[in-house]
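**Student:** The structure under discussion is supplied below as structure tokens; questions concerning it will follow.
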Amino acid sequence: MEMKQVSDNCFAVLNEKNRVCDANSGLINLGGGVVIDTQSDLPHARGMIDLFSRVWPGMPKRVINTHEDGDHVWGNQLFEGAEIIAHSSVPERMKIVAKPEETRHLLAGVRNPMTCEAMGKVHPGLVAAGRQLAEDYDLTGVELVLPTTVFDKRHELDLAGTHVHLTHVGPCHQCGDTIIHVPKERVIFAGDVLFRRCTPMGWTGSYAKWFECLDLMIALKPEAIVPGHGPVCGVEGVVEMKAYLEYVLAESRRCFDDGLTALDAAKKIEFGPYGDWKAPARLYMNVERAYREFRGEPPDAPWDSPGTFDAIYHLANAKGVPVEF
């Protein structure tokens, strides 16, 4: 983890491995302090606090969760007494998608040789994902702490005269997707509507909604954007990710019309200029999402998570790239 100053009063803590759960956090060091997203486990959350403590005078008065995924909310409990702000969909969604006991169960399974072997025969991708998580994460002691303040479309903070705009843009990656814009600082904290130098993945939403969100961020003309995963960038990072999604959508349409399955389509589609991004085999999820739209399925249709990790695993092997998530 490293801390990076992105404007006069905005900072980011970045997880440099840039794989699943390697989420970024932000700090607006004004008006009592605002932390954006709280990391994937308590050790990482404490590490984030230690890094931010170099510039803030004390624990922040507010926390913002950009969406409901565990890697952005599992450190909430360390901010006792803080106002925790999120979109109105986030509290109930957290109870569904951010159950720490499920990930603890997976980590315990992959750390037990006999259990791991049995799991691997059925779901090799899930085991590979669990082993990767076990390299860096430990969910011991994590309790789900829900937001205390929710909003529907927009929410504004006044931090000693600096206005901060929270805009719900989801569902793109998840239902609660929210971007945080600090116009005076020309900074956006994007959460997982933006991945940088790693392949994006979306669990709930549509391509059209995601394009709309990316266009909004471009129109705001920020100088610095803190993505949910990956290094800080400017508008060029948004443009690049939009180009990736447009490419995958068009290629998926051709494969769908040819009658290929989503996995076979992902095997056929070239990584192109995006092959050096982390976890390129996440391509499968983006193809499958396109297929769901072509079939007319709802944006919130549930995923078979073990099967999804298995498909990413098989695609990575078929493409001859590292198995990473």
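**Student:** What is the percent carbon and sulfur in the accessible area of the chain, measuring with a 1.4 Å probe over the protein chains and ignoring ligands?
**Tutor:** After summing per-atom areas, the C and S share lands at 51 percent.
**Student:** Do any GluC sites (Glu not before Pro) in the stretch 77-115 lie in a loop, going by DSSP, with at most 14 other beta-carbon atoms within 10 Å of their beta carbon, and if so which?
**Tutor:** 80
**Student:** Moving to a separate point now. Take 7, 88 and sort them by solvent-accessible surface of the protein heavy atoms, 1.4 Å probe, largest at the top.
**Tutor:** The ordering from most to least exposed comes out as 88, 7.
**Student:** How much length would be gained if the chain were fully extended between residue 148 and residue 53, taking 0.36 nm per residue of separation minus their Cα-Cα distance, in nm to one decimal?
**Tutor:** 31.8 nm
**Student:** When all protein chains stay in place, what accessible area (Å², nearest 10, 1.4 Å probe) is found for residue 295?
**Tutor:** 110 Å²
**Student:** Any aspartates and glutamates with Cα under 18 Å of the residue 17 Cα? List them, leaving off those in the same chain fewer than 8 positions away.
**Tutor:** Of all the aspartates and glutamates, those that pass the test against residue 17 - Cα under 18 Å, at least 8 places apart if same chain - are 2, 37, 41, 71, 135, 136, 138, 192, 276, 324.
**Student:** What is the distance in Å between the Cα centres of the stretch 38-56 and the stretch 89-145?
**Tutor:** Using only Cα atoms, the two centres lie 22 Å from each other.
**Student:** Take the Cα radius of gyration of the chain and divide it by 2.2 N^0.38 Å, with N its residue count; two decimals is plenty.
**Tutor:** Against the compact-globule rule of thumb, the ratio is 0.96.
**Student:** Place a +1 charge on the Cβ of each Lys and Arg in the chain and a -1 charge on the Cβ of each Asp and Glu, then give the dipole magnitude about the Cα centre in debye, rounded to the nearest 20.
**Tutor:** The calculation lands at about 200 debye.
**Student:** If you roll a 1.4 Å probe over the heavy atoms of the protein chains, what accessible area per residue do you get for the chain, in Å²?
**Tutor:** With the other protein chains kept in place, the chain gives 40 Å² per residue.
**Student:** Still on this structure: With a ≥ b ≥ c the root eigenvalues of the C-alpha gyration tensor of the stretch 146-202, is it rounded (a/c under 1.5), prolate (a/b larger than b/c) or oblate?
**Tutor:** Taking the square roots of the gyration eigenvalues as a ≥ b ≥ c, the stretch 146-202 is oblate.
**Student:** Moving on. Applying a 10 Å radius around every beta-carbon, put 299-307, 235-243 in order of their mean neighbour count, most first.
**Tutor:** 235-243, 299-307
**Student:** Which entries of 278/319; 242/267; 4/319 show an alpha-carbon separation above 24 angstrom in the structure shown?
**Tutor:** 4/319
**Student:** Got a sec? What order do 17, 153 fall in by accessible area at 1.4 Å, biggest, i.e. largest, first?
**Tutor:** 153, 17
**Student:** Next question, about the same structure. 222 nm [θ] for the chain, helices only, -39500 (n - 2.57) per DSSP H run of 4+, per residue, to 500?
**Tutor:** -12000 deg cm²/dmol
**Student:** Another question, then. Rounded to the nearest 5, what % of DSSP beta bridges with both residues in the chain are antiparallel?
**Tutor:** Bridges in the chain are about 60 percent antiparallel.
**Student:** Another question, if that's okay. Using a 7 Å offset from the Cα along the Cα-to-Cβ direction at both residue 83 and residue 99, what is the distance between the two label points in nm, to one decimal?
**Tutor:** 3.3 nm
**Student:** So, one more: How much length would be gained if the chain were fully extended between residue 216 and residue 271, taking 0.36 nm per residue of separation minus their Cα-Cα distance, in nm to one decimal?
**Tutor:** Net length gain for the segment: 17.2 nm.
**Student:** Can I ask one more? Tell me, what is a quarter of the convex hull surface for the C-alpha atoms of the stretch 40-105, in nm² with one decimal?
**Tutor:** The directionally averaged projection comes out at 4.6 nm².
**Student:** Return the ratio Rg/(2.2 N^0.38 Å) for the stretch 210-325, where Rg is computed over Cα atoms only.
**Tutor:** 1.12
**Student:** Another question, then. For residue 92 paired with residue 7, estimate the spin-label separation in nm (one decimal), with each label point 7 Å from Cα along the Cα-to-Cβ line.
**Tutor:** It works out to 3.4 nm between the two label points.
**Student:** Taking every DSSP beta bridge with both residues inside the stretch 165-237, roughly what % is antiparallel (nearest 5)?
**Tutor:** 60 percent
**Student:** Modelled label-to-label distance, residue 321 and residue 61, 7 Å Cα→beta-carbon offset: nm?
**Tutor:** Distance between label points: 4.5 nm.
**Student:** Which of the lysines could a cross-linker bridge to residue 95, judged by Cα under 25 Å and excluding same-chain residues fewer than eight apart?
**Tutor:** Straight-distance partners of residue 95: 61, 153, 209.
**Student:** Report ³J(HN,Hα) in whole Hz for each residue of the stretch 32-49, in order, from the Karplus equation J = 6.51 cos²θ - 1.76 cosθ + 1.60 where θ = phi - 60°; Gly and Pro get x.
**Tutor:** Couplings: x, x, 10, 9, 10, 6, 10, 6, 9, 7, 5, x, 5, 5, 5, x, 4, 4 Hz.
**Student:** Something else now. Using only protein heavy atoms and a 1.4 Å probe, report how much of residue 50 is accessible, in Å² to the nearest 10.
**Tutor:** 100 Å²
The values are calculated or read from the model by the stated rules, or taken from the named source; none is laboratory data. Note that the structure is a prediction, hence the values are computed from the model and not measured. Positions of Cβ are generated from backbone atoms using ideal geometry, with glycine treated the same way; all protein chains shown enter the neighbour counts. Just the protein is used for accessible areas: all its heavy atoms, side chains included, with ligands, DNA and RNA removed. Shrake-Rupley method; radii C 1.70, N 1.55, O 1.52, S 1.80 Å.
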